[in-house]
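Working notes for the structure below.
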């Protein structure tokens with residue numbers, strides 16, 4: 001694997017998941033830098049991961065081929081405006097994992113003309129099973145796209161979109177998606193208890209069933225609808241449950257919820273970058 005020098009400005013949980021995953025896959029910790037404002041956190045990063053650290057973001061830029069921006073969206077404009085001169089001199093690949101910040105805003109705040117990738121990872125990235133959507137501006141080279149692929153493959157899968165507006169659809173599907181499944185798990189566990197199972201048994205059975213269903217879908221050569229039909233038999237138990245979901249309008253409810261998520265993602269982008 002090609003090992004450019006990576007710098008994580010804002011080394012919080014998501015950044016730690018990314019470079020932790022890379023290191024597990026053999027990436028040299030000496031080629032990774034991380035910055036935070038807290039010296040105690042920097043010491044933790046050194047002790048736990050063995051990466052290089054600094055409280056000076058300019059120092060990171062001087063060393064970096066790739067900069068992963070992990071700061072909160074509200075702080076992105078001030079950060080990039082402050083560092084624009086150094087970024088223009090070094091001209092690294094910028095990868096933002098901040099929700100709601102458009103490539104146009106990132107480009108404008110950093111001085112213009114830099115290769116920029118906008119990425120939307122999700123929380124299962126913290127346990128190595130993430131799903132990340134990525135969009136690149138026209139300045140990003142094929143080699144830099146490969147670098148981004150390798151970075152986000154360390155925490156799950158990476159899927160590219162060719163229009164930035166589709167990042168909002170990624171948010172509706174995978175960015176916010178874990179909450180949908182957690183909600184389903186929560187409901188199944190509660191229903192299992194009402195049917196007489198202990199809390200522990202209902203939880204164990206629900207979580208293992210969710211895991212098994214996802215793995216079956218990943219490894220199957222048929223779609224989710226066909227897998228559903230294969231669990232059902234005419235007049236059987238699964239059929240009755242599925243009919244109840246259909247009569248309650250589950251598909252329409254999911255579509256409506258995801259559309260609201262999509263719309264809100266667009267609104268937040270306007271609020272954060274205007």
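Here's the yes/no breakdown for (1) buried (at least 22 other Cβ atoms within 10 Å of the Cβ); (2) farther than 20 Å from residue 155 by Cβ; (3) at pLDDT 95 or above:
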{"site": "22", "(1), (2), (3)": "yes, no, yes"}
{"site": "25", "(1), (2), (3)": "no, no, no"}
{"site": "31", "(1), (2), (3)": "no, no, yes"}
{"site": "39", "(1), (2), (3)": "no, yes, no"}
{"site": "42", "(1), (2), (3)": "no, yes, no"}
{"site": "49", "(1), (2), (3)": "no, no, yes"}
{"site": "68", "(1), (2), (3)": "yes, no, yes"}
{"site": "72", "(1), (2), (3)": "no, no, no"}
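Just checking, which of 157, 171 is surrounded by 12 or more Cβ atoms within 10 Å (Cβ to Cβ), assigned by TED's automatic domain parsing to the domain that holds residue 101 and within 26 Å of the chain's Cα centre (by Cα)?
Of the residues listed, the single one that is surrounded by 12 or more Cβ atoms within 10 Å (Cβ to Cβ), assigned by TED's automatic domain parsing to the domain that holds residue 101 and within 26 Å of the chain's Cα centre (by Cα) is 157.
Restricting attention to the range 144-159, and to residues there that are free of Cβ contacts under 8 Å to residues at least 40 places away in the same chain and part of a helix (DSSP H, G or I), which single residue is farthest from residue 4 (Cα to Cα)?
153
If I ask for residues that are on the phi > 0 side of the Ramachandran plot, buried (at least 16 other Cβ atoms within 10 Å of the Cβ) and at pLDDT 95 or above, which ones from the range 92-117 would you list?
111
Out of all the residues in the range 132-142, which are closer than 15 Å to residue 92 by Cα and in contact (Cβ under 8 Å) with a residue 12 or more places away in the chain?
136, 137, 139, 140, 141
Would you mention how many residues in the range 232-271 are more than 16 Å from residue 171 (Cα to Cα) and not in a loop (DSSP other than H, G, I, E, B)?
16
The values are calculated or read from the model by the stated rules, or taken from the named source; none is laboratory data. Here the structure is a predicted model, which means the values were calculated and not measured. As a convention, Cβ positions derive from the backbone with ideal geometry for all residues, glycine included, and neighbour counts pool all protein chains shown.
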